[in-house]
Every structure is written in structure tokens, then in C-alpha cells.
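Asks: Here it is: the structure, laid out below.
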């Protein structure tokens, strides 16, 4: 592999490996294909990256699912050839919607479940310390819900190609003390 390509392949592989979305090998496959002017067959990808065909095949399927790589028919060839996607807007929309939005909604579901559990807890006979703790927890949960609703809205706008209001995302968590205040 040419030095310029090797630097790019290794760098994108390292970035992908820390993304939490793609593996290092998937990043390397994408990077290799991205710098190619023509689609490559599986055998060539495996040879360039010094990997087995089966390992490349498994990882390339994931890239196809994420719309980062597409299978291209080549006239006169029975082999599958692959090329990298170049519409990064579409790729990031897919990643944001399928990966990050799911996580945001999981947090929102957990906050809602915790709020329901707190509301169902018996309140009779609570001393002042427990009421303050309950108020503190409710305030923290409300701040978390507010923030993640804003992030969910921003992801929704981004995936639809609409502008994201950055001010909505900044300073949305009201100050809450780190620990409940106790009366002395």
C-alpha cells in the first residue's frame, strides 16, 4: 500500500475504533475504498489490508448496512466490487438516527421510569431530609430530561436536514447543588 494511503487508512481506522459505532477494521476498509478511483473486489481489499477475505466480508456487510460502502456491479465480472460512500451528510444522518438517537431515547425512558417510581413512592411520614432528597432528585431528573429532549430535538432536526438551534443545547441544565441541603 502506498504511504499516503497507509497513513489515511491507519488514521481513519483509529478514529473509527474509538467512535463506539464502527470497528477499527471497518474504518480501515472505508478509508481504503474512499481513496480508490474504482470499486475494489473483496480479494483486493483483503490483500491491501492484510486480512482474510472472510474477515473483510463480515466487516464490509456492516459498512453496507450503515450506508458507508455500497456493492457495485462491474461489467464482465462475477465478483462483488465495493466503493465508499461520498455523501457524508446522509451517512451522518444515518449514524445520528440509528445510534445516538436510540441512546438519547433510552436515557429519556429511564428518566421517565425513575420519575414514575419516585411519584409512586409513599410520601407520608417522610422527614424533612427525605423530602429535600426527593426534591433534589426530582430537580436533577427534570434537568436531565430537559437536556436530552433538547438533544433529541436537535438530532431530529439534523436528520431531517433542518437547522439546529445551538442556543437550545447550551446552558440548558439549571444549577442544582451537588448534594441536598440539610437543615441544621
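Asks: Counting only residues that are under 18 Å from the mean Cα position of the chain (by Cα) and surrounded by fewer than 19 Cβ atoms within 10 Å (Cβ to Cβ), how many does segment 1-40 have?
Replies: Of all residues in segment 1-40, those under 18 Å from the mean Cα position of the chain (by Cα) come to 12-27, 30.
Applying the additional criterion that residues be surrounded by fewer than 19 Cβ atoms within 10 Å (Cβ to Cβ) yields 14-15, 17-21, 23-24.
Looking only at that region, the number is 9.
Asks: Can you name the residue in segment 52-79 that is crowded, with 17+ Cβ neighbours inside 10 Å and part of a loop (DSSP other than H, G, I, E, B) and is also modelled with the highest pLDDT among such residues?
Replies: Step by step, filter segment 52-79, then rank; the result is 68.
Asks: May I ask you to say which residue of 48, 43 is exposed (fewer than 13 other Cβ atoms within 10 Å of the Cβ) and either in a helix (DSSP H, G or I) or without any contact (Cβ under 8 Å) to a residue 40 or more places away in the chain (or both)?
Replies: Only one candidate qualifies: 43.
Asks: Using the structure shown, decide if residue 78 is under 29 Å from residue 152 (Cβ atoms) and either out of contact with any strand residue (DSSP E or B) (no Cβ under 8 Å at 6 or more places or on another chain) or in contact (Cβ under 8 Å) with a residue 40 or more places away in the chain (or both).
Replies: The answer is no for residue 78.
Asks: Across segment 90-106, what is the number of residues that are closer than 11 Å to residue 152 by Cβ and buried (at least 16 other Cβ atoms within 10 Å of the Cβ)?
Replies: Residues meeting the conditions: 4.
The values are calculated or read from the model by the stated rules, or taken from the named source; none is laboratory data. Worth saying up front: this structure is predicted, and the values here are computed from it rather than measured. Virtual Cβ from ideal backbone geometry, glycine too; neighbours counted across all protein chains shown.
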